[in-house]
C-alpha cells in the first residue's frame, strides 16, 4: 500500500509522526503507518536482544553460558540489559499510542492495525519469556503426565531427573499442582512431547501453540464488531495491538491468549446461529482456564433468542442442549488429555497469591495495616473476610447481569464481558493479564473516545506491575509511583500530541469512534471486515 502525508502541515507533522493520507471524501483509509510500525518493531527487537539478560532467563543458559556475553546476566550487565529492555517497551507503547491516533483520526484501516500488531509480535516469537516465568510452569505441567505424574496432584519439582525444566519454574509454583483444565494439559503435553527437555525450544513452540488463540481472536473480531456495533480498527487496536497482548499474552506467553481466542470464536459462532460449534469452542475455553465458565450461561440466552417458541421453552431447550454439548465436549477433551477432574481442587492455587491488585485483597490488607498500627495481629483473617465479601459481590453481579441478559443478542454478550471483568477483579487473586478475559470481547463494542486514554494508561500500568524477569513489583512503591506517572503520560499522549507541553502545542479534538458507517455503493470495504 502506498503511504502519503497530508499536504497541510499539522501537529503530527511537526513532531515527525507518519500521517498517512485519509480520504476526506469519505472513502475508507488505506494508508500504512510505516514509521509507526517500524518504531514498535524496533521496540520489540530491543526487548528480544536484552531479554537474554533481563527477562525470564534459564538458570543454565546454553546460549550465553560462560561466553563473552554472559556478563548480561549479572550485576551491571543485567542492569544495563534491564534498562534497554524498558526502553524497548517504551518504544512499543509510543508506537501503540501513535497507531491509536491514526485509528481515532480514521487514517488507517483494520489491515494496517493488524499488520502493525503482527510486526511487533514477530521478534518476540524467539524471545525468552518477558515479564513472567509462567511458561516454564506450563512446560513442567506438560512434562509431568508424560513421566507418570498427575499434574493435578504434584508440581514440577517432582521432575528431579529433568532439571532443565524443573529448575526454571518460579519457586512459588515449584510444588503447586496445575490449576488449568484438560485442554491446556493436552496442549502442554503435545508441546513437551516434541521438545523434550529443551526449554528454549519448548518456550518457542509453546508460544506458537498458544498463538492459535491469537489467530482465533483475529478471526472472530470482525464478526463480533458487526454484531456488537463497534469499529474494527478500534477493536484490533485495543485487543490485538495493545502492549497487554503483544508483551504480556504473546511475549509472556500466557495461556490466557488461548482461552480468550476460543471464547471469542465461540461467542461469534453462537451469534451467527452456529450454536453447537459455539458451545464446543466456549467449552474448550473453559477447559483451558475455568475463568471462561461464567460466559457459557450468557451464550445460552443468545441461543434461546434464536428459537421461535415461548420464552421459557426456548430457554429450557437452549440450556438442555448446551449442557449436553458441554458434557460431551468436556468429557472428550478430559479423556484425550488422560487426566481426571483433579484440577477443580487445584483451582485454589491462585488464591495463594496475595497482592493489592485484587480489590477484595487490597481492602483486607489496608484494614490489617490500620489495625496493626495498634495491635499485632495476623493479616489472614482480614484478607479472608474481604475475599469472602468479594465472592458474594461477584455472585450478585453475575446473577444480576445474567438475568438482565435474557433478551439475548448483543446485550447478552456485553453483559458477559462485564461479568468476565468482574471475575478478574473480584477473585481472591488478580494478575494483570486476567483483565484481558472480558476486555477482548468488550473491544468489539462501540467505544466513547473519551474513555480510550484511560484504557491506554491502564494497559501500560498493568504491564509494568511485573519486572521483565517476572517478579511482582506491586510492593516496590517507588517503582509503582514511576509506573503510574508513565501510564498517565501515555494516556495523555493519545489525545495530546505534546503531553508534556514541551513545544507549546494545543490538544487536538477527539475523533468519534462509534460504529463504522456503511460504505456507499461501489466503494471498497475494509478488506479484513469482509
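With region 401-472 as the region, which helices (runs of 4 or more DSSP H) entirely inside it contain at least 3 residues that are over 17 Å from residue 299 (Cα atoms) and either in contact (Cβ under 8 Å) with a residue 12 or more places away in the chain or more than 14 Å from the chain's Cα centre (by Cα) (or both)? Talk me through it step by step, then tell me what you get.
On the way: elements: 409-426, 436-442, 452-464.
By residue number, 409-426, 452-464.
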Yes or no: residue 159 touching a helix residue (DSSP H, G or I) at 6+ places or on another chain (Cβ under 8 Å) and free of Cβ contacts under 8 Å to residues at least 12 places away in the same chain? no
Could we say that residue 359 is farther than 30 Å from residue 206 by Cα and under 25 Å from the mean Cα position of the chain (by Cα) here? yes
Does residue 322 count as over 24 Å from the mean Cα position of the chain (by Cα), outside any helix (DSSP H, G or I) and either modelled with pLDDT under 90 or under 25 Å from residue 181 (Cα atoms) (or both)? no
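Can you say whether residue 209 is out of contact with any strand residue (DSSP E or B) (no Cβ under 7 Å at 6 or more places or on another chain), over 26 Å from residue 451 (Cβ atoms) and assigned to a helix (DSSP H, G or I), as far as the supplied structure shows? Let's see the steps before the verdict.
Working: out of contact with any strand residue (DSSP E or B) (no Cβ under 7 Å at 6 or more places or on another chain): yes; over 26 Å from residue 451 (Cβ atoms): yes; assigned to a helix (DSSP H, G or I): yes.
Answer is yes for this residue.
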Would you mind telling me which numbered condition in (1) within 23 Å of residue 257 (Cα to Cα); (2) touching a residue at least 60 places away in the same chain (Cβ under 8 Å) residue 153 fails? (1)
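Based on what the data block shows, is residue 302 surrounded by 13 or more Cβ atoms within 10 Å (Cβ to Cβ) and modelled with pLDDT under 95?
On the way: surrounded by 13 or more Cβ atoms within 10 Å (Cβ to Cβ): yes; modelled with pLDDT under 95: no.
No; evaluated as a whole, the condition is false for this residue.
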In this structure, does residue 118 turn out to be surrounded by fewer than 24 Cβ atoms within 10 Å (Cβ to Cβ), without any contact (Cβ under 8 Å) to a residue 24 or more places away in the chain and part of a helix (DSSP H, G or I)? yes
Count of region 157-184 residues which are in a loop (DSSP other than H, G, I, E, B) and either within 20 Å of residue 129 (Cα to Cα) or at pLDDT 85 or above (or both): 14
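Determine, yes or no, whether residue 389 is over 24 Å from residue 288 (Cα atoms), touching a helix residue (DSSP H, G or I) at 6+ places or on another chain (Cβ under 8 Å) and either at pLDDT 95 or above or assigned to a helix (DSSP H, G or I) (or both). I'd like the intermediate steps shown before the answer.
Values: over 24 Å from residue 288 (Cα atoms): yes; touching a helix residue (DSSP H, G or I) at 6+ places or on another chain (Cβ under 8 Å): yes; either at pLDDT 95 or above or assigned to a helix (DSSP H, G or I) (or both): yes.
Judged against the criteria, residue 389 is a match.
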Looking at (1) within 13 Å of residue 416 (Cα to Cα); (2) crowded, with 22+ Cβ neighbours inside 10 Å, which one does residue 288 not meet, given that it meets all the others? (1)
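Matching residues to (1) exposed (fewer than 14 other Cβ atoms within 10 Å of the Cβ); (2) modelled with pLDDT under 95; (3) under 30 Å from residue 314 (Cα atoms):
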position: 329; (1), (2), (3): no, no, yes
position: 344; (1), (2), (3): yes, yes, no
position: 360; (1), (2), (3): no, yes, no
position: 369; (1), (2), (3): yes, yes, no
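One residue is enough: does region 239-251 have a residue meeting the conditions part of a helix (DSSP H, G or I), free of Cβ contacts under 8 Å to residues at least 60 places away in the same chain and at negative phi?
Taking region 239-251 as the starting set, the residues that turn out to be part of a helix (DSSP H, G or I) are 239, 243-250.
Now narrow it down to the ones that are free of Cβ contacts under 8 Å to residues at least 60 places away in the same chain: none.
There is no residue in region 239-251 that is part of a helix (DSSP H, G or I), free of Cβ contacts under 8 Å to residues at least 60 places away in the same chain and at negative phi.
Going by the conditions given, is residue 93 over 28 Å from residue 187 (Cβ atoms), touching a strand residue (DSSP E or B) at 6+ places or on another chain (Cβ under 9 Å) and buried (at least 24 other Cβ atoms within 10 Å of the Cβ)? Break it down into steps so the answer makes sense when it comes.
Details: over 28 Å from residue 187 (Cβ atoms): yes; touching a strand residue (DSSP E or B) at 6+ places or on another chain (Cβ under 9 Å): no; buried (at least 24 other Cβ atoms within 10 Å of the Cβ): yes.
Judged against the criteria, residue 93 is not a match.
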Is it the case that some residue within region 379-386 is at pLDDT below 95 and outside any helix (DSSP H, G or I)? yes
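The values are calculated or read from the model by the stated rules, or taken from the named source; none is laboratory data. These numbers were taken from a predicted model, which means no experiment stands behind them. Neighbour counts are summed over all protein chains in view; Cβ atoms, including those assigned to glycine, are modelled from backbone coordinates with ideal geometry.
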